Amino acid sequence: MPQTIALSLVSHTNVGKTTLARTLLGRDVGVVRDQAHVTEAAEAYPMIETADGDRMLLWDTPGFGDSARLARRLAASSEPIGWLLGQVWDRFRDRAFWSTQQAIRNVRDGADVVLYLVNASELTDGPGYLASELQLLQWIGKPAVVLLNQLGPPRAPADEAAEVQAWRNRLAAVAPVRAVLPLDAFARCWVQEATLLRTVQGLLPESRRAACARLLDEWLTRRRAVFDASIAVLAERLARAAVDREPLPDSGVLGRLREAGATLGTLRGGHDDTGESAPDRRRAMRLLAERLDADVHAGTARLIALHGLEGHASPGEVLTRLADHFAVSERLDEGRAAVLGGVVTGALAGLKADLATGGLSFGAGMLTGGILGALGAFGLARGYNVVRGAQSSSVAWTDAALDELAVTALLGYLAVTHYGRGRGDWAASECPPHWHAIVVATLVERRRAFEAIWALRARTDAESVLKTALRPALSESATEVLARLYPGSVVAGAAGGHAGETTDPGA
């Protein structure tokens, strides 16, 4: 039998209920303004629906204004005089106050679970209205989940957990409060929403949990589809970058030897004087970077649309950040010296040494490997051509650049998936430092898998093969990143296709 489960969103006025409602619903509802009593009546919006007819409704309600007065009026509503004041006097003399009373009665009569939104920054001194609003929750008498809003930018898991625990300690004695969860309307993640829905399921009567489980499965299926589509976007972008080449005009044997000598001089502290081919190479590098920059913007726009957001990706800093990660693939004549080819081969070996030390920054290992690699360049000329399959000189991205692109791809996904619709049009912003640290640590642990993937660039069907190989690698990496950002959350079931476990959020 299909069932309807109702969640009522309540809070003090102007704390952000409608903003959070837009984020949870993934569409614009109600009116958002920086003033009190913008929402004048309770409104229900479908949040999740199944093909069999189960529904989860989210009620947006008028904010509590004069909470103390409201608590007194509702407490006295069972008495004749209190009923007269609330139902007759307030209706004609204070319409907003009367509407709020009606909305609270609606919550009491129709809600399965109450979502009480608070300003998390007000814990220290405590808002003066908190005690009165906790009385209102007791009058309503339904299980309540306290949602911490206005937490600020995402923080390290330990820092956020400490603040959540402080609120749990404060509200431990309030009977209706069954759980306290962080859910900032501006910077929440779908993983946190999944935890909220799993928490709601546990607070329902046994007779309604099966319906909630069906709704949760439907919600997770949709989020899994968005996750998988996002990973596909990232994989396609990285695969294109990995196979991208920009041809160079043939500078002749003397020109290549001149460039090779200049490269060795640069490694020893000399000056770069590559002669007439330098402008051609710089132009090729610029064109390669511009294509990547455009691809990053296009991919970000696709992520924004996939997550039900609006807005545009702003120009990034691809040209600056990746300027040091070009590899020059030279067409080498068999039997002739290939010093520069040796430098590149050695540099990649040095990169592996850098990765083996546990870092994704590339320094001394590349320089040392480059010098050593140059010594054996003569004998590697034929193998270098066969591996590259090059018919002409070209500029391409190094493995180091692709590792960096994998980091920035996952950071870009995090930035979009944390952006609540209630915040307005999507806009790029600085990633929290702990995001970068977690992403880098995750990819370092998987460096061998990515090294094997980059090695597939030598194949004739490289782009297709790379896409196929990158999807599971990026999916597993992103799932691990989310699990580290939100310990105990329902990540595996939503992103990886396996049942996930959730710790007790109210503990």
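Readers should treat all values here as calculations from the given coordinates under stated rules, not as data from a laboratory. Computed from a prediction, not measured in an experiment: that's the story for all the values here. Methodologically, a virtual Cβ is constructed for each residue, glycine included, from the backbone with ideal geometry; neighbour enumeration extends over all protein chains shown.
Numbers below:
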quantity	calculated
Residue check, G152 surrounded by fewer than 19 Cβ atoms within 10 Å (Cβ to Cβ) and closer than 22 Å to L220 by Cβ	no
Pick from the stretch 420-441, criterion part of a helix (DSSP H, G or I) and of a type in the set (A, V, I, L, M, F, W, C), ranking: farthest from the chain's Cα centre (by Cα)	A441
Within the stretch 42-64, tally of residues that are polar (S, T, N, Q) and buried (at least 20 other Cβ atoms within 10 Å of the Cβ)	1
